Amino acid sequence: MDTTDDISQPHIKRYTNPDIADIATIKTKEKNERVSLQGIVQKATKIIETSQSSRKIVTVSDSSGEIDIKFWSTKTNVNPFEAGTMLVIKSVKVDHYGGKASLNSTPSTTVEVKEDLETLEGKVEAACFDDDNMSIMVENSIFNISRCLMERIYPTLKFTPGKIVMAIASAYQITDLVEVNNDHED
């Protein structure tokens, strides 16, 4: 194997910083696929130690469901994991056991506490579907949005007027969709 071969930037990003997906989508992914998510901590176990390992199991939810994440070894003390805390968790691996999906931390897993969240509700006035710049305009403000969340508003990635969203945003980034409805006035 030639170790001087360049690894493509998209491959590195998929491995170390995959796009954020909702939990329902994550549950459909293949075992060992790396994913990132944002959700609210529902509960966390104390550190579970055996002679060979230590782990903490944290249950996280978003508007599409909930999932258990096993934080292994040094990752057990990454954060306090308090119930009600909004987290962005990057680069965890999908696992399937006994017909149930869960996630496992990896050496490149990162956890970020989101403290600057705001609730947003209003009509989507415009949308940009460019892969590198997906965004929506709500209440005369433009918010960046992931492809996964955009597809929940516009499954075909085509603008249709009259969409009302209730979302959670942070620094002009839509981080989760609570609800999507059609405005019946149009």
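Overview of results
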| quantity | calculated |
| --- | --- |
| The chain - percent relative contact order, Cα under 8 Å, separation 6 or more | 17 |
| Within a Gaussian network of the chain (alpha carbon springs, distance under 10 Å), most fluctuating of 139, 66, 121 | 139 |
| Label-point separation, residue 83 to residue 45 (7 Å along Cα→Cβ), nm | 1.7 |
| Accessible carbon and sulfur surface of segment 62-186 relative to its total accessible area, %, 1.4 Å | 47 |
| Of 70, 163, 93, the one that fluctuates the most in a GNM where the chain has Cα springs shorter than 10 Å | 163 |
| Gained length - residue 178 relative to residue 126, 0.36 nm times residue gap less alpha-carbon distance | 16.8 nm |
| Tensor-based shape of segment 22-100 (alpha-carbon gyration tensor, a/c under 1.5 rounded, otherwise prolate or oblate) | oblate |
| Segment 41-153 pair-distance distribution - Cα-Cα, 10 Å bins, rounded % | 12, 35, 29, 18, 5, 1 |
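The values are calculated or read from the model by the stated rules, or taken from the named source; none is laboratory data. All figures in this text were calculated on a predicted structure; none of them were measured in a lab. For neighbour counting, all protein chains shown are included, and Cβ atoms are generated from backbone atoms with ideal geometry for every residue, glycine included. For the accessible areas, the whole protein counts, side chains as well, though only heavy atoms, and no ligand, DNA or RNA atoms are used. Shrake-Rupley method; radii C 1.70, N 1.55, O 1.52, S 1.80 Å.
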